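Here the structure comes first, spelled out in structure tokens, and everything after it is commentary.
Coordinate-derived values only; no laboratory data. Treat the numbers as computed from the prediction; the structure is a model and nothing was measured. All Cβ positions, glycine included, derive from the backbone under ideal geometry; neighbour counts span all protein chains shown.
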Amino acid sequence: MIFKRKLPIPQEVKTEFPLSDHLAAIKAKNDEEIRKIFTGESDKFLLVIGPCSADREDAVMEYTHRLKRLSEQVQDKILIIPRVYTGKPRTTGEGYKGLVHQPNSKEPPDMMKGIVAIRKIHMRVLEETGFSTADEMLYPENHRYISDLLSYVAVGARSVENQQHRLLASGLDIPVGMKNPTSGDISVMMNAIKAGQSSHMFIYRGWEVESAGNPYAHAILRGYVNKNGESQPNYHYEDLSHLYDNYMKMGLQNPTAIVDCSHSNCAKHYKAQVRIAKEICHNRQHSKNIHSLVKGLMIESYLEDGAQKVGENVYGKSITDPCIGWARTEQLVLDIADLV
């Protein structure tokens, strides 16, 4: 490896690009409302929704402004957290790795510019829309650069068995969703949740730290891949009932599932997210246990339908996984409000 340059520590970046007291208060209010959904004090339904990857600031800002106007129509039933995913896992290591790597997808990676870019985009969403955001914890050591801006964190299917992800999740005070692994083994996800809800001593960013345990660590069902490499869903009634039983056996706090309507659950057929979301809402109506367990959905959505290759330059169209466009998004959110 070639060590190119020393990057600033998170505290230095936070000092240079500080979060104002006013914005911190908005985020704190959002966090409290989200926590009440997980504890059952609120019966609002959670939607973690947005682009597969936040590839360009202008399109993401237009999307979140539209989402804010839409949220005002359904605010009595739905709480929206925008996906602003700034790191993108790549199965083979090839392709666009997210804003933190490439603030401009047409230019070579620049990690210093990337660190600044991810902080600025999360802060800008909070400042202009009042939304505090969701991001994936792809690199645990990077989390502190934006830790004061996020209201939701996801641990991906390829990271959920990693000890550092689990331990850091146990030290956060916001909901952390643990995805089932690509193999589909639910026990891996449940063990990750237990680890996230427990206290630990560990090394993080050169410090000896002690975590208190995160009672809001929870499950995200995202489908899986079988031994033949074929996508399989795990959002059906039986899957949700099985997950509920696992929660009861393990005695974990705040039993919660967020169902990811994309990835292997839709086998990358992005339009199927609409059907999947409605089926899950229907199942909640027919089971008290599923109703209490499934507190929200994760949906990949952007301004335009589908996906494009880097360099095609279609504004508001995903350059990673395909997303439903705005017309489908708007109608789906309104339909979900009617179903919950």
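Pulled fully out, how much extra length does the chain show between residue 291 and residue 139, if you take 0.36 nm times their separation in residues and subtract their Cα-Cα distance? Mind showing how you got there, number by number?
Numbers: separation 152, 0.36 × 152 = 54.72 nm, distance 3.29 nm.
Net length gain for the segment: 51.4 nm.
Sorted fewest first by neighbouring Cβ atoms within 10 angstrom, 170, 20, 53 come out as 20, 170, 53.
What dipole magnitude, in Debye to the nearest 20, does the chain give about its Cα centre under +1 on Lys/Arg Cβ and -1 on Asp/Glu Cβ? Write out the running numbers ahead of the final one.
Numbers: 42 positive and 42 negative charges, 97 e Å.
It works out to roughly 460 debye.
Projected onto its three principal axes, the C-alpha set of segment 10-339 covers 49, 47, 44 Å, listed from the longest axis down.
Sorted fewest first by neighbouring Cβ atoms within 10 angstrom, 125, 188, 209 come out as 209, 188, 125. Quick one: if the Förster radius is 22 Å, what FRET efficiency do residue 162 and residue 187 give, using the C-beta to C-beta distance and rounding to 0.05? That pair, residue 162 with residue 187, gives E of 0.90.
State which entries of 44/179; 36/97; 97/268; 14/194; 278/317; 179/227 exceed 27 angstrom in Cα-Cα distance in the structure shown. The partial results should precede the final answer.
Numbers: 44/179 22 Å; 36/97 34 Å; 97/268 19 Å; 14/194 31 Å; 278/317 24 Å; 179/227 19 Å.
Among 44/179; 36/97; 97/268; 14/194; 278/317; 179/227, the Cα-Cα distance tops 27 Å for 36/97; 14/194.
Along the chain, the longest continuous region that contains none of the GluC sites (Glu not before Pro) in a DSSP loop with at most 11 other C-beta atoms within 10 Å is 95-229.
Summary value for segment 10-339: 16 percent relative contact order, contacts being C-alpha pairs under 8 angstrom separated by 6+ residues.
What does DSSP give for segment 167-243 in terms of the percent of beta bridges that are antiparallel, rounded to the nearest 5?
Details: 7 of 11 bridges.
Here the share of antiparallel DSSP bridges comes out near 65 percent.
Averaging Cα coordinates gives a centre for segment 7-31 and one for segment 107-162; these two points are 12 Å apart. Take every DSSP beta bridge whose two residues both sit in the chain; close to 20 percent of them are antiparallel.
Straightening the chain between residue 104 and residue 269 buys 56.7 nm, computed as 0.36 nm per residue apart minus the Cα-Cα spacing.
Taking amide H positions as modeled 1.01 Å from N, with prolines and chain starts lacking one, the residues under 5 Å from residue 45 and 5 or more places away or on another chain are 78, 79. Fewest-first ordering of 207, 326 by other beta carbons within 10 Å of each residue's beta carbon gives 207, 326. Placing pseudo-labels 7 Å out from each Cα toward the beta carbon at residue 5 and residue 212 gives an inter-label distance of 3.8 nm.
Shown here for segment 130-168: chymotrypsin sites (Phe, Trp or Tyr not before Pro) in loop regions (DSSP other than H, G, I, E, B) with at most 11 other Cβ atoms within 10 Å, of which there are none. A Förster radius of 25 Å combined with the Cβ-Cβ distance from residue 75 to residue 282 puts the calculated FRET efficiency at roughly 0.65. Figure legend: label point modelled 7 angstrom from the Cα of residue 58 along Cα→Cβ; residues of segment 65-97 with amide N under 19 Å from it are 65-67.
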